[in-house]
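J.: Just dropping this structure here.
Just so it is clear, none of the values below were taken in a lab; they were calculated from the coordinates. Just so it is clear, the model here is predicted, and its values are computed rather than measured. No Cβ is skipped: glycine too gets one built from the backbone with ideal geometry, and neighbour counts run over all protein chains shown.
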Amino acid sequence: MKRPLVVMSVIITAIVFIYLIFSYDNLLCEPSEDLDGSSLECVGVVSKKELKIIYSGDAVNVLYLIPDKKDGSRTKYIECYLNSSETQIPCIGEKILVKGIARSFKEKRNPGEFDSRLYYSTLKISYRLNEAVIVARNKKCDVLREYLYKAKCYFEGILDDNLNSDDSAIMKAVLLGDRAFMDDEIKELYKNSGIVHILAVSGLHISLMGMGLYKLIKKLNLHPVFCTVIPLIFMYLYGEMCGISTSSFRAICMFVLRLLAPLVGRTYDLLSSLALSEILLILDQPLYLYNSGFLFSFGAVIGIAVIKPGIEDAFFAGHKKLIHDNYPLNALLSGISILIVTLPVYLQFYYTYPIYSLITNIIVIPLMGLLLAAGGMCIIVGAVTDCLNLPGCLIHCILLFYRKVCGFQNNIPGNMLYFGHKQTYRVVIYALLMITWFFLRKKKKSFILIPIAITILTISIPHGLKITAIDVGQGDGIVITTGCSNVLIDGGSSSKSKVGKYSIIPYLSYEGIGSLDAVIVSHEDEDHISGIIEIFAGMEKGGIKVKQLILPDVDASSRGDNYHKLEDMAKELNIPINYISKGESFEIKTRELFKIYPLEFTCLNPTAKMQTEGANAYSTILHMRYGSFTALFTGDVEKEGEEQLKETIRANMDKYGGITLLKVAHHGSSYTTDEEFLTMIKPKAALISCGVNNRYGHPHKEVLDRLKEAGAQIYRTDESGAVSVRVSAKGRVEITGMLQ
């Protein structure tokens, strides 16, 4: 059998994939009981350690313990964030008794959010200890790994001394695999430009450094054993110092086989070595099949090794030498080949694709060898002299060039394609069609399979009306999608920091929403606008576009600082601002399959130029109608605003007296949503947006009781995570919670 390891890899991967479908929850590393907030002691051996930047901006020491007492069959580590008072940091290999506050990793509460529970389970970390203090230690040490850690810290210190903070942070990631000190803005810039892979120690590093060392030693005419063993030892130590990620393990494993093959008289086969490294990884941790880094790393190699030759056979037969001698064309074909394999990974994990990254990588990759060499020289020069570090100047020039190229790319219209999340069956069909094309590639008409596969994977059929209350913690954030238009009503939180970055924008990306036709602000409280401000800030960097901002039309005396801040930001970004008041209405289109249906919004509050003492009273209230389906979005309305609303409904019972869906005002506060109001609107379903265990006690029991008395089905984001309401043109309503 030709390439038995490849066949074995495919079979094992298929078995593991099926196994994960049925046993996913069993593989998650979770403590056997709820430990959140409890004081806990743990005895274990320090396996590794690092510095991390926490939310306050401070650097803290983090230890990874292998506990004496395992909690779950797949638990390997406990992550310990040491208290800042701890000055004597244990050595790697030392056994310690540590005490801290336990925190478990939570499942994601919104579609598109980062799944910390899955991520840390993949790393075999069960839970975290915060503010940890060391109670006892035995002062034994794994000398080799401790010295590697100290060497890494020493090298990082040299980079800090010879480069500015931004350049040093990037080079720590590029050279030493340490991203802890990188600015979020730079990470986002590289990610949106499709070059974030250069920040990982991977095959590029191993091929440049390992093979470079191998070729250098060969020129010394040493014995073949020494020519092989010395680079292997060096790359192992380098990988151990940087931390063995999936990409670095794959690269080092393939490098080992590449050097050992001629030594034992065998022919090196790239696909067989790739298959062996994949088998070793997924047998050790099946959850790697849900890890984007793992999939990107192996997908890129498959693209270069399999798809690229296939494209050359199909379209450039007889001209392969011309391609290989033409770097831009060769690099472009490599990028397209990698894209074909990794596009499903992009859509499953990031939901977007930076299309111009194909060109940016052609520009960036050739300079990586020079950047790595300059980084190595910068460390060497910095270790022996305090004089001007010329390699550091070269590093600054290259990284500045990268930043300019990425900034230019992100500002080109249409750079980021928002495809949204795709179902597994689409990925399977895409893969089958691409595999079919590969085997039929020499037949001219087989080319049609490629656009068919891409269309099936990327194009979505409009689904009608969907209303989603994003779980923003203590706040509001409602997204309305129609197949034609996208509207955001509020978007903020008082309990989640950076709720726009971590909850709202990921959800919009998940839904394939790259532009918002309208952002409607009910009122200016922080828990309704903080995420909107983040969306506005991201527009300048090529993020989600906002076509108009709709604010409540209240008197100038009632407009506070946040109201003016929204206006000022919108004007700077050339976002049209419209002001809405009672009696005004607007309509957007809804598409279901190939038919268009109207979706009508009518404003019921505030009255024009309304004067109030508090922002809650002037909250924008919108009545929405879609066929027989009606909804009422109430913001945080209270006091005179709620009284005015009841008067409006009382005078128009035929139009407003009967609601399918009520967005309960003020997160379920007892000061709103009274019995008279509920008797008039008779909601069939009530949606409450509030934070888990919030300090206000929302929703209040009185409101819940009143809603139950009114016969409403209650849906809460604190219990269900994001809540989605799907409505068909025929009036069928389906309500689902993310966690249920």
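J.: Of all DSSP beta bridges located in the chain, what percent are antiparallel, nearest 5?
T.: Of those bridges, close to 70 percent are antiparallel.
J.: What FRET efficiency would be calculated for the residue pair L97, I54, taking the C-beta separation as r and a Förster radius of 30 Å, to the nearest 0.05?
T.: With a Förster radius of 30 Å, E is 0.80.
J.: If you don't mind, there's one more thing I want to ask. Taking Cα pairs under 8 Å and at least six residues apart, what relative contact order does the chain come out at, in percent?
T.: 9
J.: Let me ask something additional. Using the Cα centre as the reference, give the magnitude of the dipole from point charges on the C-beta atoms of region 528-651 (Lys, Arg: +1; Asp, Glu: -1; all else neutral), rounded to the nearest 20 debye.
T.: Roughly 580 debye, rounded to the nearest 20.
J.: Ok, one more. Roughly how big is the chain's charge dipole about its Cα centre, with Cβ charges of +1 (Lys, Arg) and -1 (Asp, Glu), in debye to the nearest 20?
T.: The calculated dipole for the chain is roughly 3860 debye.
J.: Give me the net charge of N164's neighbourhood, meaning all other residues with Cβ under 14 Å from the Cβ of N164; Lys, Arg count +1, Asp, Glu -1.
T.: Neighbour charge sum, excluding N164 itself: -3.
J.: Sum up the charges of everything whose Cβ sits under 15 Å from the Cβ of N574, counting Lys and Arg as +1 and Asp and Glu as -1, but leave N574 out.
T.: Surrounding charge for N574 is -1.
J.: Past 19 Å, Cα to Cα, is the threshold; run K466/K496; K422/K444; K172/K501; K48/K172; K215/K321; K48/K139 against it and keep the listed order.
T.: K466/K496; K422/K444; K172/K501; K215/K321
J.: Additional query: Which of [x] 16, 46, 28, 10, 0; [y] 18, 55, 26, 2; [z] 14, 43, 33, 9, 0 is the computed P(r) over Cα pairs in 20 Å bins from 0, in percent for the structure on display?
T.: Checking each listed value against the structure points to [z].
J.: Also, I was wondering about something else. Sorted by packing (mean other beta-carbon atoms within 10 Å per residue), highest first, where do 168-174, 184-190 land?
T.: The peptides rank, most packed first, as 168-174, 184-190.
J.: Angle between the Cα long axis of helix 143-162 and the longest principal axis of the chain, 0 to 90 degrees, nearest 10?
T.: Once rounded, one gets 70 degrees.
J.: Hand me the trypsin sites (Lys or Arg not before Pro) from region 128-166 located in a DSSP loop with no more than 15 other Cβ atoms within 10 Å, in residue order please.
T.: K139, K140
J.: Can you tell me the 0 to 90 degree angle between the C-alpha axis of helix 640-651 and the longest principal axis of the chain, rounded to 10?
T.: Compared with the principal axis, the helix lies near 60 degrees.
J.: I need the peptides 669-681, 498-510 ranked by packing, meaning the mean over residues of other C-beta atoms within 10 angstrom, with the highest value on top.
T.: Ranked from most to least packed, the peptides come out as 498-510, 669-681.
J.: May I pose another question? Could you compute the net charge surrounding E312? Neighbours are other residues with a C-beta less than 11 Å from the C-beta of E312; K and R count +1, D and E count -1.
T.: The answer is +3.
J.: Order these peptides, 565-576, 580-591, 716-727, by their mean beta-carbon neighbour count within 10 angstrom, highest first.
T.: 716-727, 580-591, 565-576
J.: For the chain, with the dipole built from +1 on Lys and Arg beta-carbon atoms and -1 on Asp and Glu ones, taken about the Cα centre, which of H463, T620, L632 lies farthest toward the positive end?
T.: About the Cα centre, the residue reaching furthest to the positive side is H463.
J.: Determine the dipole magnitude for region 31-141: charges of +1 sit on the beta-carbon of Lys and Arg, -1 on that of Asp and Glu, nothing else is charged, the reference point is the Cα centre, and the result goes in debye to the nearest 20.
T.: For region 31-141, the charge dipole is close to 420 debye.
J.: Putting +1 on Lys and Arg Cβ atoms and -1 on Asp and Glu Cβ atoms, find which of C242, I532, I448 reaches farthest to the positive end of the dipole of the chain.
T.: I448
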